[in-house]
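To start, the structure under review is shown below, and the notes come after it.
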Amino acid sequence: MSLRDFIAKQWIDVIQWTEPEDGILAYRYPMQDMEIQNGGSLTVRESQMAAFINEGKVADIFGPGLYKLTTQTLPILTYLMNWDKKFQSPFKSDVYFFSSRIQTDQRWGTATPITIRDKDFGAVRLRGYGIYSWHISDPKTFYSKISGTRELYRVPDIEGQLRNTIIGRMTNTFAESTVPFLDMAANQTMLGDKIADGLKPMFADLGLTLDSFVVENLSLPEELQKMLDTRVGMNMLGDMNKYTQYQVANSLPIAAANEGGLAGIGAGLGAGFTMAQTMANALQQPGQQPPPGPNPGPVSGGPAPDTKFCMNCGKGIPKPAKFCPECGTAQP
């Protein structure tokens, strides 16, 4: 190296990093052709970790604090570089900062339904979604397996991997579980804890720690959900005979007020009497015999062959009659 090059060369005395925005997980400190001054300082802030990388190998790792860079504080790098204890010259090394902040409000969800075997419903397709949080706990593993030599590594770069890992673990959890869907849906906190227990080793294998995992919702496909609602409604009703009686009793005023109800539309009161008799039978207590009804005439539920009904009052009148003897209304 010429004297001019030596004079022009820049030395780094202070190495530090402040996160300019959310979502950055790993950041390579810009070195270019600069060298680190022996005895320089390294500042690692809370929620950060720093790592010195020598020729692609992770050397020394630092947690939060202020460090003076010497052979004593860089033992692994000293060993890799074959320095002696009296080393005083500047040195070159890649320095990476890692954010150890908890990445909160990370969303997960089933892009497609998960098919499980439920002991109540048989094979069903299940959907779910929720949130989880995690942070980098092992920068060496994270650098070696995930971020590598990239200048910047962000949360979205790993989101897909983590989300698919979660869905895969959920499928296994449901397959191993004999808990019915209704019980799972009622105990989502316990379900989330169980899924988290299976996910933690998978996160640790990437240099991460899973801090929380929450199941916000579990649901069935719409058609199966309707069947479930019907089943729940039937269980709530209890005695179906009493429910039928209640429904019939409520429908009587509506039918009477309807122009096409019991005696209105011109089908004749005979049909209305038949309907009323059917409703009355439905209202009978179990085991109770219905009272005998009037003789409907030659045709059950209809008028006699030579009789018609007044369109106003419903009184039976002879077919040739032009006026009702009861109310005086003209007849067709």
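Every number here is computed from the coordinates shown, using simple stated rules; none is lab data. As the structure is a prediction and not an experimental result, all values here were calculated from the model. No Cβ is skipped: glycine too gets one built from the backbone with ideal geometry, and neighbour counts run over all protein chains shown.
Quick notes on this one:
- Looking at region 146-204, the GluC sites (Glu not before Pro) that sit in a DSSP loop and have at most 15 other Cβ atoms within 10 Å of their own Cβ are GLU151.
- Extending 7 Å from the Cα toward the beta-carbon at both THR149 and LYS92 defines two label points whose distance is 1.2 nm.
- Top positive-direction residue, dipole computed over region 1-140 with Cβ charges, set TYR67, VAL95, GLY109: GLY109
- Chain lengthening between THR70 and ASP22 when straightened (0.36 nm per residue, less Cα-Cα): 14.1 nm
- Enclosed volume per residue, in Å³, of the convex hull spanned by Cα atoms of region 53-207: 129 Å³
- In this structure, the pairs whose alpha-carbon distance is over 28 Å, taken from LYS92/LYS140; LYS68/LYS200; LYS92/LYS200, are LYS68/LYS200; LYS92/LYS200.
- Fully extended contour minus Cα-Cα distance, from VAL14 to ARG107, at 0.36 nm per residue: 29.7 nm
- Label-point separation, THR209 to GLU176 (7 Å along Cα→Cβ), nm: 2.3 nm
- Within straight-line cross-link reach of LYS319, aspartates and glutamates at Cα separation under 13 Å, skipping those fewer than 8 residues along the same chain: ASP306
- Computed extension gain for LYS308 through GLU46, at 0.36 nm per residue and net of the alpha carbon distance, reaches 84.6 nm.
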